[in-house]
1. I need a count of the residues in the range 201-240 that are of a type in the set (K, R) and either within 13 Å of V45 (Cβ to Cβ) or outside any strand (DSSP E or B) (or both).
2. Could you run through the range 147-182 and say how many residues are over 23 Å from C263 (Cα atoms) and surrounded by fewer than 16 Cβ atoms within 10 Å (Cβ to Cβ)?
3. Does at least one position in the range 208-217 carry a residue that is modelled with pLDDT of 95 or more and buried (at least 21 other Cβ atoms within 10 Å of the Cβ)?
4. Can you tell me which residue among L63, L70 is closer than 29 Å to N211 by Cβ, under 18 Å from the mean Cα position of the chain (by Cα), hydrophobic (A, V, I, L, M, F, W, C) and in a helix (DSSP H, G or I)?
5. Pairs, please: C-beta under 6 Å, at least 6 apart or cross-chain, first residue without any contact (Cβ under 8 Å) to a residue 60 or more places away in the chain and in the range 182-200, second hydrophobic (A, V, I, L, M, F, W, C) and surrounded by 18 or more Cβ atoms within 10 Å (Cβ to Cβ)?
6. Given the residues G239, G232, G188, G254, which is the only one that is at pLDDT below 95 and at positive phi?
7. Do we find a residue being in contact with a strand residue (DSSP E or B) (Cβ under 6 Å, 6 or more places away or on another chain), of a type in the set (G, A, S) and touching a residue at least 24 places away in the same chain (Cβ under 8 Å) anywhere in the range 42-50?
Amino acid sequence: MTSTPSGDGAPSGVDTTVAHSARVWNYWLGGKDNYPVDREAGEYVMQAYPEIVQAARADRAFLVRAVTHLVREEGVRQFLDVGTGLPTHHNTHEVAQAVAPEAKVVYVDNDPMVLAHARALLTGTDEGETRYIDADLREPEKVLEAARGLLDFERPIGLTILGTMGHFADIQEAQDIVGRYLDALPSGSFFALCDGTSTSEGMIVAAERWNETAALPYHLRTPAEIAGFFDGLELLDPGVVSATRWRPEPAEVGEVRDADQYCGLARKP
């Protein structure tokens, strides 16, 4: 069953007194799975940096384009989505299975509200399969062991970690965790990452406001630090760029504005 954030109830374990990143993100994306404290935090950030909404949408649009490319052009049929957040429009399994109904997707998160929604909404197609793992991304070995219950680690896997690694204060720790996931993937797998960057004064102020109100701080990276997550991998064109610049649809050309959200997609040799 799903939760009802607009009412008095909440799934067991959900703290509605402190803003939560997944719920604020949901608010910025136009969703309804959030509480007053999340909307207040979201508005507080938006007052300083209205473009945060475009940054959130740019992150989601990158996911859609990257997954579509992997399924359509690279033949990837299985995905591991770590730190998935609340289900919204264009979830990984919806994008992948729209092109290849047999695609399999494993979602990973450890938030009670995300779990409640995922069980109800992340169902997948009859041909493919979708599974949710309630686990902490800081424990890659545990996550990977559970993922082996659905995914074939002898075949390429698309690993996506979007809007998540910024929650780690230590960049080296964040990169080490990602490296442990990548080490377990077979050759020919792909890795997509997107996170907020300190590429404008507005975004820096927005992050400061976020950290005043949210339970889990967010740490902006430089584009070079984002690129560091892809060391040892083969970056696909156009490399590490603003999310709006990663293979935009033809209709978008000429209208693209940079977002303070940098991303990349790379192949494991």
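The values are calculated or read from the model by the stated rules, or taken from the named source; none is laboratory data. Predicted model, so just to flag it, every value in this text is computed and none were measured. Don't worry about glycine lacking a Cβ; one is built from the backbone with ideal geometry, like all the others, and counts go over all protein chains shown.
1. The initial filter retains those residues of the range 201-240 that are of a type in the set (K, R), namely 209, 221.
From the residues that got through so far, the ones that are either within 13 Å of V45 (Cβ to Cβ) or outside any strand (DSSP E or B) (or both) too are 209.
The qualifying residues number 1.
2. Qualifying residue count for the region: 7.
3. Among the residues of the range 208-217, not one is modelled with pLDDT of 95 or more and buried (at least 21 other Cβ atoms within 10 Å of the Cβ), which makes the answer no.
4. When all the criteria are applied, what remains is L63.
5. Between residues of the range 182-200 that are without any contact (Cβ under 8 Å) to a residue 60 or more places away in the chain and residues that are hydrophobic (A, V, I, L, M, F, W, C) and surrounded by 18 or more Cβ atoms within 10 Å (Cβ to Cβ), the close pairs are A184/L144.
6. Working: G239 fails: at pLDDT below 95; G232 fails: at pLDDT below 95; G188 fails: at pLDDT below 95.
Exactly one residue qualifies, and that residue is G254.
7. no
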